[in-house]
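Below is one structure, written out as C-alpha coordinates, with a few remarks after it.
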Amino acid sequence: MYDSILLPVDGSEHAANIVHHAAELAQWTGATIEVLFVADTTRDSVTVVDGTVVDALEREGETIVANVAETLETLDVDHNTDVVQGSPAPTIVDYAEQRDHDLIVLPTHGRTGISRHLLGSVTEKVVRLSGVPVLTARMQSDERLTFPYESVLIPTDGSPASAAAVEHGLTLAATLDAAVHILSVVDDTSLGPDVRAVLSADELERPAVEAVEEVAAKANEHDLAHAQTYVEHGSPADVIREHIETNAVHAVVMGASGRRGVDRVLLGSVAEKTVRSAPVPVITVHDRS
(Lines give C-alpha, C1' and ligand atoms only; values in the text may rest on other atoms or scores of the structure.)
Protein backbone atom coordinates (compact mmCIF):
# COMPACT_ATOMS: atom_id res chain seq x y z
CA MET A 1 0.00 0.00 0.00
CA TYR A 2 2.86 2.35 0.80
CA ASP A 3 6.04 2.37 -1.27
CA SER A 4 7.64 5.51 0.09
CA ILE A 5 7.18 7.15 3.50
CA LEU A 6 8.47 10.62 4.35
CA LEU A 7 9.62 11.01 7.95
CA PRO A 8 10.48 14.62 8.86
CA VAL A 9 12.49 14.75 12.09
CA ASP A 10 13.71 17.46 14.46
CA GLY A 11 15.63 15.52 17.09
CA SER A 12 12.94 15.93 19.75
CA GLU A 13 13.05 13.69 22.79
CA HIS A 14 9.97 11.72 21.74
CA ALA A 15 11.25 11.10 18.20
CA ALA A 16 12.22 7.48 18.90
CA ASN A 17 8.59 6.43 19.30
CA ILE A 18 7.45 7.91 16.00
CA VAL A 19 10.54 6.55 14.22
CA HIS A 20 9.79 3.03 15.46
CA HIS A 21 6.13 3.36 14.49
CA ALA A 22 7.06 4.50 10.98
CA ALA A 23 9.53 1.61 10.79
CA GLU A 24 6.84 -0.91 11.70
CA LEU A 25 4.56 0.49 9.03
CA ALA A 26 7.37 0.37 6.47
CA GLN A 27 8.25 -3.23 7.37
CA TRP A 28 4.62 -4.32 6.98
CA THR A 29 4.11 -2.62 3.62
CA GLY A 30 7.62 -2.97 2.22
CA ALA A 31 8.08 0.80 2.01
CA THR A 32 11.26 2.84 1.98
CA ILE A 33 11.53 5.64 4.57
CA GLU A 34 13.06 8.97 3.61
CA VAL A 35 14.28 10.84 6.68
CA LEU A 36 14.07 14.61 6.21
CA PHE A 37 15.42 17.48 8.26
CA VAL A 38 14.32 21.01 7.34
CA ALA A 39 16.80 23.70 8.36
CA ASP A 40 14.42 26.57 9.07
CA THR A 41 15.42 29.53 6.91
CA THR A 42 13.27 31.86 9.03
CA ARG A 43 15.90 31.54 11.77
CA ASP A 44 19.39 32.99 11.80
CA SER A 45 21.58 29.89 11.93
CA VAL A 46 24.76 30.93 10.12
CA THR A 47 27.87 30.93 12.29
CA VAL A 48 31.65 30.62 12.04
CA VAL A 49 33.40 27.45 13.16
CA ASP A 50 37.23 27.33 13.00
CA GLY A 51 37.21 30.24 10.60
CA THR A 52 34.66 28.61 8.27
CA VAL A 53 31.14 29.92 7.72
CA VAL A 54 28.65 27.12 8.33
CA ASP A 55 24.92 26.73 8.80
CA ALA A 56 24.49 25.44 12.34
CA LEU A 57 21.02 24.04 11.65
CA GLU A 58 22.21 22.11 8.61
CA ARG A 59 25.08 20.68 10.61
CA GLU A 60 22.71 19.72 13.41
CA GLY A 61 20.33 18.23 10.86
CA GLU A 62 23.05 16.00 9.42
CA THR A 63 23.65 14.59 12.90
CA ILE A 64 19.93 14.06 13.55
CA VAL A 65 19.18 12.25 10.27
CA ALA A 66 22.30 10.12 10.72
CA ASN A 67 21.08 9.01 14.16
CA VAL A 68 17.64 8.13 12.79
CA ALA A 69 19.25 6.29 9.87
CA GLU A 70 21.29 4.25 12.34
CA THR A 71 18.07 3.23 14.13
CA LEU A 72 16.39 2.26 10.84
CA GLU A 73 19.48 0.28 9.87
CA THR A 74 19.23 -1.79 13.06
CA LEU A 75 15.53 -2.36 12.30
CA ASP A 76 16.40 -3.52 8.76
CA VAL A 77 14.27 -0.83 7.09
CA ASP A 78 15.24 0.58 3.70
CA HIS A 79 15.88 4.30 4.07
CA ASN A 80 17.38 7.47 2.65
CA THR A 81 18.20 10.79 4.33
CA ASP A 82 18.16 14.42 3.26
CA VAL A 83 18.74 17.85 4.81
CA VAL A 84 17.19 20.85 3.06
CA GLN A 85 16.60 24.50 3.80
CA GLY A 86 13.22 26.17 3.87
CA SER A 87 10.16 27.07 5.87
CA PRO A 88 9.23 23.76 7.55
CA ALA A 89 5.56 23.20 6.70
CA PRO A 90 5.52 24.18 3.01
CA THR A 91 8.90 22.56 2.48
CA ILE A 92 7.66 19.24 3.88
CA VAL A 93 4.49 19.43 1.75
CA ASP A 94 6.37 20.28 -1.46
CA TYR A 95 9.06 17.70 -0.79
CA ALA A 96 6.53 14.90 -0.33
CA GLU A 97 4.59 15.80 -3.46
CA GLN A 98 7.60 16.36 -5.70
CA ARG A 99 9.11 13.00 -4.73
CA ASP A 100 5.85 11.05 -4.89
CA HIS A 101 5.80 9.92 -1.27
CA ASP A 102 2.70 7.94 -0.28
CA LEU A 103 2.58 9.01 3.37
CA ILE A 104 4.05 11.64 5.69
CA VAL A 105 4.59 10.63 9.33
CA LEU A 106 4.77 13.43 11.90
CA PRO A 107 4.50 14.02 15.65
CA THR A 108 2.18 16.85 16.66
CA HIS A 109 4.82 18.69 18.67
CA GLY A 110 8.59 19.03 18.82
CA ARG A 111 11.01 20.44 21.28
CA THR A 112 11.04 24.07 22.35
CA GLY A 113 13.93 26.48 22.32
CA ILE A 114 16.12 28.21 19.75
CA SER A 115 16.78 25.02 17.76
CA ARG A 116 13.17 23.88 17.39
CA HIS A 117 12.03 22.96 13.88
CA LEU A 118 8.76 21.05 14.09
CA LEU A 119 5.96 22.33 16.28
CA GLY A 120 2.34 21.34 16.64
CA SER A 121 1.39 24.35 14.51
CA VAL A 122 3.73 23.21 11.73
CA THR A 123 2.25 19.72 11.79
CA GLU A 124 -1.26 21.14 11.59
CA LYS A 125 -0.21 23.29 8.62
CA VAL A 126 1.08 20.16 6.90
CA VAL A 127 -2.23 18.42 7.62
CA ARG A 128 -4.11 21.33 6.05
CA LEU A 129 -1.85 21.78 3.03
CA SER A 130 -0.65 18.32 2.08
CA GLY A 131 -2.10 16.44 -0.86
CA VAL A 132 -0.21 13.41 0.49
CA PRO A 133 -1.87 11.53 3.39
CA VAL A 134 -0.42 12.51 6.78
CA LEU A 135 -0.11 10.22 9.80
CA THR A 136 0.14 12.16 13.06
CA ALA A 137 0.75 10.98 16.61
CA ARG A 138 0.68 13.22 19.67
CA MET A 139 3.60 11.64 21.52
CA GLN A 140 2.00 12.22 24.91
CA SER A 141 1.72 9.91 27.90
CA ASP A 142 -1.68 8.53 26.89
CA GLU A 143 -0.73 7.95 23.24
CA ARG A 144 -1.13 4.33 22.10
CA LEU A 145 1.12 3.32 19.22
CA THR A 146 -0.11 -0.21 18.56
CA PHE A 147 0.92 -1.94 15.35
CA PRO A 148 -0.29 -3.69 13.31
CA TYR A 149 -3.61 -1.89 13.71
CA GLU A 150 -6.32 -4.37 14.64
CA SER A 151 -9.15 -1.82 14.55
CA VAL A 152 -9.46 1.17 12.22
CA LEU A 153 -12.03 3.94 12.66
CA ILE A 154 -13.28 5.72 9.54
CA PRO A 155 -15.41 8.80 10.31
CA THR A 156 -17.45 9.96 7.32
CA ASP A 157 -19.99 12.57 6.32
CA GLY A 158 -20.76 11.10 2.92
CA SER A 159 -19.27 14.08 1.10
CA PRO A 160 -17.07 13.81 -2.00
CA ALA A 161 -14.28 15.33 0.12
CA SER A 162 -14.36 12.31 2.43
CA ALA A 163 -14.29 9.74 -0.40
CA ALA A 164 -10.49 9.65 -0.67
CA ALA A 165 -10.15 9.08 3.07
CA VAL A 166 -12.72 6.28 2.97
CA GLU A 167 -10.84 4.52 0.18
CA HIS A 168 -7.52 4.98 1.99
CA GLY A 169 -8.93 3.68 5.27
CA LEU A 170 -10.55 0.63 3.72
CA THR A 171 -7.41 -0.23 1.77
CA LEU A 172 -5.31 0.09 4.94
CA ALA A 173 -7.73 -2.08 6.92
CA ALA A 174 -7.75 -4.72 4.18
CA THR A 175 -3.94 -4.69 4.03
CA LEU A 176 -3.70 -5.22 7.79
CA ASP A 177 -6.77 -7.47 8.07
CA ALA A 178 -8.11 -5.01 10.64
CA ALA A 179 -11.65 -4.58 11.91
CA VAL A 180 -13.42 -1.50 10.54
CA HIS A 181 -15.60 0.95 12.45
CA ILE A 182 -17.58 3.36 10.26
CA LEU A 183 -18.81 6.38 12.20
CA SER A 184 -21.02 9.28 11.18
CA VAL A 185 -21.72 12.04 13.70
CA VAL A 186 -24.81 14.23 13.58
CA ASP A 187 -23.52 17.56 14.84
CA ASP A 188 -26.79 18.81 16.31
CA THR A 189 -24.86 20.80 18.91
CA SER A 190 -24.38 23.49 16.26
CA LEU A 191 -28.06 23.67 15.34
CA GLY A 192 -30.34 26.24 16.91
CA PRO A 193 -33.56 25.21 18.68
CA ASP A 194 -35.63 26.46 15.74
CA VAL A 195 -33.88 24.10 13.33
CA ARG A 196 -34.12 21.15 15.72
CA ALA A 197 -37.84 21.87 16.16
CA VAL A 198 -38.45 21.77 12.40
CA LEU A 199 -36.38 18.67 11.60
CA SER A 200 -37.32 15.27 12.99
CA ALA A 201 -34.72 12.89 14.40
CA ASP A 202 -35.00 10.79 11.25
CA GLU A 203 -34.40 13.81 9.05
CA LEU A 204 -31.35 14.80 11.08
CA GLU A 205 -29.93 11.30 10.97
CA ARG A 206 -30.76 10.41 7.36
CA PRO A 207 -27.56 11.85 5.80
CA ALA A 208 -25.44 10.15 8.46
CA VAL A 209 -27.19 6.80 7.99
CA GLU A 210 -26.75 7.04 4.22
CA ALA A 211 -23.08 7.93 4.68
CA VAL A 212 -22.23 4.89 6.81
CA GLU A 213 -24.28 2.57 4.59
CA GLU A 214 -22.37 3.78 1.53
CA VAL A 215 -19.02 3.12 3.21
CA ALA A 216 -20.22 -0.29 4.44
CA ALA A 217 -21.04 -1.23 0.84
CA LYS A 218 -17.53 -0.20 -0.21
CA ALA A 219 -16.10 -2.23 2.67
CA ASN A 220 -17.72 -5.33 1.19
CA GLU A 221 -15.88 -4.61 -2.07
CA HIS A 222 -12.63 -4.75 -0.06
CA ASP A 223 -13.67 -8.10 1.47
CA LEU A 224 -14.27 -6.37 4.80
CA ALA A 225 -17.63 -7.97 5.32
CA HIS A 226 -17.85 -7.42 9.08
CA ALA A 227 -17.47 -3.64 9.15
CA GLN A 228 -19.52 -2.10 11.94
CA THR A 229 -21.51 1.09 11.43
CA TYR A 230 -22.37 3.76 13.99
CA VAL A 231 -24.48 6.92 13.92
CA GLU A 232 -24.00 9.19 16.93
CA HIS A 233 -25.07 12.68 18.00
CA GLY A 234 -22.86 15.35 19.50
CA SER A 235 -19.69 17.29 18.86
CA PRO A 236 -17.82 15.31 16.15
CA ALA A 237 -14.31 15.49 17.60
CA ASP A 238 -15.59 14.55 21.07
CA VAL A 239 -17.64 11.64 19.72
CA ILE A 240 -14.67 10.38 17.70
CA ARG A 241 -12.44 10.42 20.78
CA GLU A 242 -15.09 8.65 22.88
CA HIS A 243 -15.44 5.98 20.21
CA ILE A 244 -11.69 5.43 20.20
CA GLU A 245 -11.68 4.94 23.95
CA THR A 246 -14.71 2.65 24.19
CA ASN A 247 -13.96 0.47 21.16
CA ALA A 248 -10.20 -0.11 21.41
CA VAL A 249 -9.51 1.64 18.12
CA HIS A 250 -5.85 1.60 17.04
CA ALA A 251 -5.95 4.23 14.25
CA VAL A 252 -8.26 6.79 12.67
CA VAL A 253 -8.43 7.56 8.94
CA MET A 254 -10.42 10.66 8.06
CA GLY A 255 -10.84 13.42 5.51
CA ALA A 256 -9.21 16.76 6.18
CA SER A 257 -12.29 18.63 5.01
CA GLY A 258 -16.01 18.05 4.74
CA ARG A 259 -19.25 19.61 3.61
CA ARG A 260 -21.11 22.46 5.25
CA GLY A 261 -24.81 22.87 5.90
CA VAL A 262 -27.52 21.57 8.22
CA ASP A 263 -26.54 17.96 7.57
CA ARG A 264 -22.80 18.47 8.05
CA VAL A 265 -20.95 15.80 9.97
CA LEU A 266 -17.24 16.50 9.50
CA LEU A 267 -15.38 19.73 8.88
CA GLY A 268 -11.71 20.41 8.34
CA SER A 269 -11.54 21.82 11.87
CA VAL A 270 -12.84 18.50 13.20
CA ALA A 271 -9.88 16.73 11.62
CA GLU A 272 -7.50 19.18 13.27
CA LYS A 273 -9.21 18.78 16.65
CA THR A 274 -8.96 15.01 16.27
CA VAL A 275 -5.27 15.26 15.40
CA ARG A 276 -4.73 17.25 18.61
CA SER A 277 -6.83 15.06 20.91
CA ALA A 278 -6.94 11.46 19.67
CA PRO A 279 -4.75 9.08 21.72
CA VAL A 280 -4.00 6.97 18.63
CA PRO A 281 -2.44 7.75 15.23
CA VAL A 282 -4.67 9.78 12.90
CA ILE A 283 -4.24 9.60 9.13
CA THR A 284 -5.72 12.62 7.37
CA VAL A 285 -6.43 12.45 3.65
CA HIS A 286 -7.31 15.25 1.25
CA ASP A 287 -9.44 14.78 -1.84
CA ARG A 288 -7.04 15.54 -4.72
CA SER A 289 -9.77 15.81 -7.38
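The values are calculated or read from the model by the stated rules, or taken from the named source; none is laboratory data. The shown structure was predicted, so the numbers you read here are calculated from the model rather than taken from an experiment. With ideal geometry, Cβ positions are generated from the backbone for all residues, glycine too; neighbour counts draw on all protein chains shown. Heavy atoms of the whole protein, side chains included, go into the accessibility calculation; ligands, DNA and RNA do not. Shrake-Rupley method; radii C 1.70, N 1.55, O 1.52, S 1.80 Å.
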State which residue is modelled with the lowest pLDDT when the search covers only the range 254-271 and only residues that are open to solvent by 30 Å² or more (accessible area, probe 1.4 Å) and within 14 Å of GLU124 (Cα to Cα). SER257
Elements of type strands (runs of 3 or more DSSP E) in the range 1-67, at least 1 residues being modelled with pLDDT of 85 or more and within 25 Å of the chain's Cα centre (by Cα): 4-8, 32-40
If you check ASP94, ASP142, ASP100, which single one turns out to be at pLDDT 85 or above, assigned to a loop (DSSP other than H, G, I, E, B) and not hydroxyl-bearing (Ser, Thr, Tyr)? ASP100
Being at pLDDT 95 or above, out of contact with any Ser or Thr (no Cβ under 6 Å at 6 or more places or on another chain) and open to solvent by 30 Å² or more (accessible area, probe 1.4 Å): is that true of ASP78 here? no
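To keep it simple, each residue is scored yes or no on (1) touching a helix residue (DSSP H, G or I) at 6+ places or on another chain (Cβ under 7 Å); (2) more than 19 Å from HIS243 (Cβ to Cβ); (3) aromatic (Phe, Trp, Tyr); (4) buried (at least 19 other Cβ atoms within 10 Å of the Cβ).
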| residue | (1), (2), (3), (4) |
| --- | --- |
| SER121 | no, yes, no, no |
| GLY131 | yes, yes, no, no |
| VAL134 | yes, yes, no, yes |
| SER159 | no, yes, no, yes |
| VAL166 | yes, no, no, yes |
| ALA173 | no, no, no, yes |
| VAL180 | yes, no, no, yes |
